[in-house]
Amino acid sequence: MPILRVNTNVDAYRLRSQCADIHELAARPNRKSLTQFVNRRILDVIQLVPEDFVVDIGCGDGSLQRMANGSVAKCIGITGSIEEERRLKSECPELTFIAGQAQSLPLDSGCASKIVCNATLLLLPSEDDIEAALKEMVRIARPGATIWIGEIPEINEYAYYGMYRGTSMLGLQWHLLRHDGVRSFLGMIRRSLKALIGREKIILNSAGIFYAGPAKVISMAENCGLRLKAYFRHKELDASGKVVNSEFRYDYIFTI
Ligand SMILES: C[S@@+](CC[C@H](N)C(=O)[O-])C[C@H]1O[C@@H](n2cnc3c(N)ncnc32)[C@H](O)[C@@H]1O
């Protein structure tokens, strides 16, 4: 497989849909148990009832749909691309997935009693897109609906963790040499040689990340018509499986 270059997160997930393991769509490499934990916790917090119409915007590998299946009236997973929709439908034909953008949801106004948007808003390209997505949540929400917006980092995590964002292979190698040292640099040389002969896939993505602290997120959401019920630090699992607070990410619960 070649070296692939993308400039948007939607395209990055479109490519992920071709990976052997469908869990790639949740973007938590080798941490399936974390995806299970995160989605189980969302369902615990939003407390489903049998009459619920659930919409999960940016549904990843469909974990939340699998967990909710059978316990609510309807549960729809929104995928950012048609390729992800096809992949999920082929692996889980009993569940409902619809391709659509968070900024213009392919759903009727006032249909949803529970809306989940976890680890997805941060992927949108601009604050205008975030506002469009927030307004779409308001549009599709029933009065009194519960809206979970999760994993919004308060800092630029890419910069903090020294992650490369760009589409230049040379740029990536230089970045690894400077930030992670010779071992990492040589590892990438080896991977890029394998990619050239079709035995490895490297995706280079230049898209950034949205980040904002609680004051800004709450103000943006309230300006779009949402009403805050609670917010807290996002919970995750550490390497030993212990539940810990995320260093930088927050979860929010809104209603309308
Ligand atoms: C990190 S995954 C989150 C998966 C899941 N919510 C979870 O927490 O396990 C990001 C998801 O956002 C979706 N996505 C990215 N950009 C999107 C957009 N503009 N509109 C809708 N979904 C989008 C991707 O397709 C992917 O399903």
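For the range 33-122, just run the numbers: alpha carbon Rg, then divide by 2.2 N^0.38 Å, N being how many residues it has.
Taking N as the residue count of the range 33-122, the ratio is 0.99.
Give me the accessible area of R165, 1.4 Å probe, in Å² rounded to the nearest 10.
Result for R165: roughly 80 Å² accessible.
Determine the order of L186, L123, L226 by accessible area, beginning with the largest, at a probe radius of 1.4 Å.
L186, L123, L226
Calculate I(q)/I(0) for the chain by the Debye formula, one identical point scatterer on each C-alpha and no solvent, and give its log10 at q = 0.09, 0.13 Å⁻¹ to two decimals.
-0.41, -0.86
Could you list which residues have their amide H under 5 Å from that of E200, counting only those 5 or more apart in sequence or on another chain, with H placed in the peptide plane?
Under 5 Å from the amide H of E200: A195.
What accessible area, in Å² to the nearest ten, does a 1.4 Å probe give for I98?
Probe radius 1.4 Å; accessible area of I98 about 50 Å².
Expressed as a whole percentage, what fraction of the accessible surface of the range 159-223 belongs to carbon and sulfur atoms when a 1.4 Å probe is rolled over the protein heavy atoms?
So the carbon and sulfur contribution to the accessible surface is 57 percent.
So what is the relative contact order for the range 175-256, in percent, with contacts set as C-alpha pairs under 8 Å and at least six apart?
With pairs under 8 Å counted, the relative contact order is 20 percent.
Can you work out the FRET efficiency for the pair K135 and I155, with r the C-beta to C-beta distance and R0 = 35 Å, to the nearest 0.05?
Calculated transfer efficiency: 0.85.
State in Å² the accessible area per residue of the range 109-182; use a 1.4 Å probe, count heavy atoms of protein chains only, and round to the nearest integer.
For the range 109-182, the solvent-accessible area averages 43 Å² per residue.
If R87, R183 are ordered by their accessible area, calculated over protein heavy atoms with a 1.4 Å probe, which sequence runs from highest to lowest?
R183, R87
Quick one: accessible surface of M188, probe radius 1.4 Å, all protein chains present, in square angstrom to the nearest 10.
In the full protein context, M188 sits at about 20 Å².
Please list, in chain and number order, the residues 5+ apart from F97 or on another chain whose amide H is under 5 Å from its amide H, with Hs placed from the backbone.
Answer set, sorted by chain and number: G77.
Need the list of lysines near K216 for cross-linking: C-alpha distance under 17 angstrom, and skip anything on the same chain fewer than eight residues off.
Counting by Cα, and skipping residues close in sequence, K216 has these lysines nearby: K135, K229.
What relative contact order, as a whole-number percentage, does the range 81-172 give when Cα pairs under 8 Å and 6 or more residues apart are counted?
Contact order relative to length: 28 percent.
The values are calculated or read from the model by the stated rules, or taken from the named source; none is laboratory data. Only a predicted model underlies this, so the values are computations on that prediction, with no experimental measurement involved. Neighbour counts run over all protein chains shown; Cβ positions are idealised from the backbone, glycine included. We work out accessible area using only protein heavy atoms, side chains counted, and drop any ligands, DNA or RNA first. Shrake-Rupley method; radii C 1.70, N 1.55, O 1.52, S 1.80 Å.
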